[in-house]
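S.K.: For reference, the structure I am asking about is given below.
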Amino acid sequence: MWKERTKLVIKDQGLHKLEQSHILVVGLGGVGAFVAEFLVRAGVGHLTIVDGDVVDITNKNRQLIALDSTIGEPKVKLMANRLKDINPQIELKMIKDFLTPESAYDLVSKEFAYVADCIDSISPKISLLRACHDKRVKVISSMGSGGILDPSKVKVADISQTRDCPLARTIRKRLKKEGIQPKFKAVFSLELPSKDMMVLTDGSNFKRSYYGTMSYMPALFGIHIAGVIIRKLIE
């Protein structure tokens, strides 16, 4: 059985809990693709994956599904094929679309044991976090993995306890402005990104800027997110 070594760690009961769990992963870029893969390799039996983007050549330095052969292909389709190749029995739902405030609220529901927020644009991220808050669905959120180099400075904490991360600071302020006192885990870094690593964009798909990113950092954020979810599910 391909889950034999996982079973040795979490036993039959833990494996059963993972197989019965349904997780929502929003965003399949540098962080989210690793989250989805680690969840499926651990034995999570039901997964909904959301992403409206296609692979770009600039994704090759950090994204799991970015290859010369996949440039221009939808990320959600590529990821679905990969996950089904790992576990052909997985119950998998694909949503090829960018998250909006309206779609976030419709998407989040109690059927999900956990939500993995791997969005790197502020407005959709706020929408997803607000929907999880309003509907009382557990969520863990990735903060900024760009502009940093030191893996040892990546941490997991309640969003209220995050510091040094510019994205986390913005998220806290936006949620507070909307009257939300958030209580969710966030993955962030204590390393301050340098402003000369940032580039402004045209603002399409809610993304106004981005930082340069080192190959291993998004994967490390994904490891932390998957680890938190899996440990919570088997408690």
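The values are calculated or read from the model by the stated rules, or taken from the named source; none is laboratory data. Values in this document were obtained by computation on a predicted structure and should not be read as measured data. Quick reminder, even Gly has a Cβ in these numbers, built from the backbone with ideal geometry, and neighbours come from all protein chains shown.
S.K.: What number of residues within segment 154-201 are of a type in the set (D, E, K, R), part of a helix (DSSP H, G or I) and closer than 15 Å to residue 130 by Cα?
M.R.: 5
S.K.: Has segment 177-194 got any residue that is modelled with pLDDT of 95 or more and loosely packed, with under 13 Cβ neighbours inside 10 Å?
M.R.: No, that holds for no residue.
S.K.: To continue, here is another question. For the structure I just gave you, tell me whether residue 174 is surrounded by fewer than 16 Cβ atoms within 10 Å (Cβ to Cβ) and either over 20 Å from residue 38 (Cβ atoms) or not acidic (Asp, Glu) (or both).
M.R.: The answer is no for residue 174.
S.K.: Restricting to segment 5-17, what's the tally of residues that are β-branched (Val, Ile, Thr) and buried (at least 16 other Cβ atoms within 10 Å of the Cβ)?
M.R.: 2
S.K.: Please go through segment 18-37 and give me each residue that is over 23 Å from residue 106 (Cα atoms) and surrounded by 19 or more Cβ atoms within 10 Å (Cβ to Cβ), ordered by number.
M.R.: 18, 30, 31, 34, 37 - these are the residues of segment 18-37 that are over 23 Å from residue 106 (Cα atoms) and surrounded by 19 or more Cβ atoms within 10 Å (Cβ to Cβ).
S.K.: Would you pick out the residues in segment 195-213 that are modelled with pLDDT of 90 or more and either among the acidic types (Asp, Glu) or buried (at least 17 other Cβ atoms within 10 Å of the Cβ) (or both)?
M.R.: Across segment 195-213, the qualifying residue is only 213.
S.K.: Is it the case that residue 59 is assigned to a helix (DSSP H, G or I) and under 20 Å from residue 145 (Cβ atoms)?
M.R.: yes
S.K.: Residue 105 passes all but one of (1) closer than 28 Å to residue 3 by Cβ; (2) surrounded by fewer than 18 Cβ atoms within 10 Å (Cβ to Cβ); which number fails?
M.R.: The one condition residue 105 does not meet is (1).
S.K.: OK, next. Would you mention how many residues in segment 66-82 are touching a helix residue (DSSP H, G or I) at 6+ places or on another chain (Cβ under 8 Å), part of a helix (DSSP H, G or I) and surrounded by 17 or more Cβ atoms within 10 Å (Cβ to Cβ)?
M.R.: Of the residues in segment 66-82, 4 are touching a helix residue (DSSP H, G or I) at 6+ places or on another chain (Cβ under 8 Å), part of a helix (DSSP H, G or I) and surrounded by 17 or more Cβ atoms within 10 Å (Cβ to Cβ).
S.K.: Additional query: Is there a residue in segment 29-46 that is out of contact with any Cys (no Cβ under 8 Å at 6 or more places or on another chain), in contact (Cβ under 8 Å) with a residue 24 or more places away in the chain and in a strand (DSSP E or B)?
M.R.: yes
S.K.: In segment 108-120, which residues are in contact with a helix residue (DSSP H, G or I) (Cβ under 8 Å, 6 or more places away or on another chain) and surrounded by fewer than 18 Cβ atoms within 10 Å (Cβ to Cβ)?
M.R.: Passing the criteria: 109, 110.
S.K.: Could you go through segment 38-61 and let me know if any residue there is under 15 Å from residue 230 (Cβ atoms) and touching a Gly at 6+ places or on another chain (Cβ under 9 Å).
M.R.: Taking every residue of segment 38-61 in turn, at least one turns out to be under 15 Å from residue 230 (Cβ atoms) and touching a Gly at 6+ places or on another chain (Cβ under 9 Å).
S.K.: Same structure again: Residues in segment 126-148 that are exposed (fewer than 14 other Cβ atoms within 10 Å of the Cβ) and assigned to a loop (DSSP other than H, G, I, E, B): how many?
M.R.: Matching residues across segment 126-148 total 1.
Rundown of residues vs (1) under 26 Å from residue 191 (Cα atoms); (2) touching a residue at least 60 places away in the same chain (Cβ under 8 Å); (3) polar (S, T, N, Q), yes/no style:
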| site | (1), (2), (3) |
| --- | --- |
| 109 | no, no, yes |
| 112 | no, yes, no |
| 132 | no, no, no |
| 151 | yes, yes, no |
| 154 | yes, yes, no |
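S.K.: Inspect segment 40-61 for any residue being at positive phi and surrounded by fewer than 17 Cβ atoms within 10 Å (Cβ to Cβ) and give the result as yes or no.
M.R.: No: zero hits.
S.K.: Can you name the number of the only condition in (1) at pLDDT below 95; (2) out of contact with any helix residue (DSSP H, G or I) (no Cβ under 6 Å at 6 or more places or on another chain); (3) under 19 Å from residue 35 (Cα atoms); (4) not acidic (Asp, Glu) that residue 157 fails?
M.R.: (1)
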